[in-house]
Amino acid sequence: MTRSDRRAPRPGVVWEFDKVSYSREFPRNVVTKLLVERAEHGGWELDRVRIGADGTRRVILRRKIIRAVRTA
């Protein structure tokens, strides 16, 4: 089961997902700046953040895939 199969907000909306991991050595403000940079320049939005027992941050980002529809 893929991530897009589990959560389909509306029919016809297709999401692209990207998984990113950050080590515990990265301070919180640095991780925030890196994620904001990806959001502003790549069109990504935050889907989920999980912090492991070892302090590793596993982040899942998503963005819509826009399909061009022919009109003529």
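Selection of the stretch 1-27 for residues being modelled with pLDDT of 85 or more, under 17 Å from residue 61 (Cβ atoms) and open to solvent by 50 Å² or more (accessible area, probe 1.4 Å) yields 14, 16, 17, 19, 21, 26. Among the residues of the stretch 33-72, the ones that are over 11 Å from residue 22 (Cα atoms), assigned to a strand (DSSP E or B) and over 12 Å from the mean Cα position of the chain (by Cα) come to 1 in all.
Restricting the first member to the stretch 25-54 and to residues that are on the phi < 0 side of the Ramachandran plot, and the second to residues that are open to solvent by less than 100 Å² (accessible area, probe 1.4 Å) and of a type in the set (Gly, Ala, Ser), the beta-carbon pairs closer than 7 Å and six or more apart or on different chains are 45/39.
Give the residues of the stretch 44-61 that are open to solvent by 50 Å² or more (accessible area, probe 1.4 Å) and within 22 Å of residue 12 (Cβ to Cβ), sorted by residue number. Listed by number, the list holds a single entry, 45.
The values are calculated or read from the model by the stated rules, or taken from the named source; none is laboratory data. Since this is a predicted model, take the numbers as computed values, not measurements. Note that each Cβ is placed from the backbone with ideal geometry, even for glycine, and that neighbours are counted across all protein chains shown. To get the accessible areas, we keep the full protein, side chains included, count just its heavy atoms, and leave off ligands, DNA and RNA. Shrake-Rupley method; radii C 1.70, N 1.55, O 1.52, S 1.80 Å.
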